[in-house]
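Here's the structure we're looking at; comments come further down.
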Amino acid sequence: MKDIFTALFVEEMRKTTANMYRLGWDERNGGNISYLLDTEEVGEYLDLNHVIRTISLGFDATPLIGKIFIVTGTGKYFKNVDADPETNLGIVRIAADGHTTELLWGFKDGGKFTSEFPAHLMSHMARLSVDPDNRVVMHCHPTYTLAMNYVHELDEKKFTHTLWEMCTECIVVFPDGIGVLPWMLCGTNSIGEATAEKMKEFRLVVWGMHGIYGAGKTMDETFGLIETVEKAAQIYMLTAHLPRINTIRDEQMVELAEYFGVNYRKDFLNL
Ligand code: 13P
Ligand code: ZN
């Protein structure tokens, strides 16, 4: 059996949480990541018949039965993951009843997965239904995106359009736009259901006055989505109070989308 600490997926979790912390997106225990793993690959590192303990889910994840995720722990700090992955991360399998998880590794101090696991697993289900290659769901509290929530209308067309105007790459990176939810109580099945509903349409969902969710095929893709939104939100927050002399016009966004061959939300432009 190979050493789990050498697994690429553990390394990706360590590096990504460290990067997110460094960027100021994950203060204290803010943020969480879940990553759908390849069962065969996990089997190279862990005895899949050895369940350390079971942890109740509190909702129905039947479509994910047998699937294995590496996930950040609730109350755990992203800044500490790299130094102690076995305490701050866990590898869980969705049990045959669809309502329980089987812990295969990690959460060494008796901990459990993020309180946002409902939103994560429901988002995985939603994304997998439209993109069978989706693997990653990521949540964090990026500073400028959050700041923008307080001064910009929380309307998905307007929010997306403003961000598309802020960096030339935006419409190419997230042509599908950004879903927006109003402020809701976090950690609940309700916010999970609302997030998943948006995830059928968007890979990015803003949680009003809280943070953002991203989903993608790889850790890099997902990180890059949030990073691009955050960069655009930063430009917005640096310029929103100043007279606007120039902007990227809608016709130019169409030019970009057509040149790069992306399928963009035409109804989010004002042509
Ligand atoms: P957890 O510590 O349970 O992952 O919660 C952090 C968070 O960002 C809540 O939205
Ligand atoms: Zn949060």
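Convex hull volume of the C-alpha atoms in region 48-160, normalised per residue: 137 Å³. Scanning residues 5 or more positions from Val180 or on other chains, those with amide H under 5 Å from its amide H are Glu156, Val206, with H placed 1.01 Å from N in the peptide plane.
The residues neighbouring Met1, those whose beta-carbon lies less than 15 Å from its own, together hold a net charge of -4 under the Lys/Arg +1, Asp/Glu -1 convention. Under a Cβ-Cβ cut-off of 12 Å, what is the net charge of the residues other than Ala215 that fall near it, where Lys and Arg count +1 and Asp and Glu count -1? Result for the neighbourhood of Ala215: +1.
Any idea of the accessible area per residue across region 215-257, 1.4 Å probe, to the nearest Å²?
Working: 2320 Å² over 43 residues.
Ligands and nucleic acids excluded, the result is 54 Å² per residue.
The fraction of Cα-Cα pairs per 5 angstrom bin, counted from 0 for region 94-195, comes to 2, 9, 15, 20, 20, 15, 8, 6, 5, 0 percent, rounded to whole percents. Annotation for Leu271 and Ala147: the two label points, set 7 Å from Cα along the Cα-Cβ direction, are 3.3 nm apart. Near Thr101, the amide H atoms lying under 5 Å from its own belong to Ile55, Ser56, Leu57, Ala95; only residues 5 or more places off or on other chains count, and H is placed 1.01 Å from N.
Phi angles of region 220-227 translate, via the Karplus equation with coefficients 6.51, -1.76, 1.60 and θ = phi - 60°, into HN-Hα couplings of 4, 4, 5, 4, x, 4, 5, 4 Hz per residue; Gly and Pro are given as x.
What's the extension gain from Leu238 to Lys157 if we count 0.36 nm per residue and subtract their Cα-Cα distance?
Separation in residues times 0.36 nm, less the Cα-Cα distance, equals 27.0 nm.
Pairs spanning more than 27 Å between alpha-carbon atoms, out of Lys67/Lys231; Lys79/Lys217; Lys79/Lys200; Lys67/Lys200; Lys2/Lys200: Lys67/Lys231; Lys79/Lys200; Lys2/Lys200.
Please work out the average accessible area per residue across region 1-160, using the 1.4 Å probe convention, and give it in Å².
Working: 6760 Å² over 160 residues.
Here the per-residue accessible area is 42 Å².
Against the chain, whose longest principal axis is taken from its Cα atoms, helix 117-130 shows a tilt of about 70°. Modelled this way, with points 7 Å down the Cα-to-C-beta line, the labels at Ile65 and Leu48 are 1.6 nm from one another. Our helix-only sum for the chain, with -39,500 (n - 2.57) per DSSP H run of n ≥ 4 divided by its residues, gives a mean residue ellipticity at 222 nm of -11500 deg cm²/dmol.
For trypsin sites (Lys or Arg not before Pro), the sites in region 132-225 that DSSP calls loop and that have at most 16 other Cβ atoms within 10 Å are Lys200, Lys217. Multiplying the residue separation of Asn19 and Cys186 by 0.36 nm and subtracting their alpha-carbon distance yields 57.7 nm.
Return, ordered by residue number, the residues of region 25-59 whose backbone nitrogen is under 16 Å from a label point located 7 Å along Cα→Cβ of Thr100. Only 49-59 pass the distance filter. Per-residue Karplus couplings for region 79-92, computed as 6.51 cos²θ - 1.76 cosθ + 1.60 with θ equal to phi - 60°, are listed in order as 5, 9, 4, 4, 6, 9, x, 6, 8, 8, 10, x, 10, 10 Hz, Gly and Pro entered as x.
A crude spin-label estimate for the pair Asn263 and Asp109, with each label 7 Å from Cα along the Cβ direction, gives 4.5 nm.
Over the chain, what percent of the accessible surface lies on carbon and sulfur atoms, probe 1.4 Å? The partial results should precede the final answer.
Working: 6230 of 12030 Å².
Here it works out to 52 percent.
The values are calculated or read from the model by the stated rules, or taken from the named source; none is laboratory data. What you are looking at is a predicted structure, and each value in this text was computed from that prediction instead of being measured. FYI the Cβ positions are ideal-geometry reconstructions off the backbone, even for glycines, and counts take in every protein chain you see. For accessibility, only protein heavy atoms count, side chains too; no ligands or nucleic acids. Shrake-Rupley method; radii C 1.70, N 1.55, O 1.52, S 1.80 Å.
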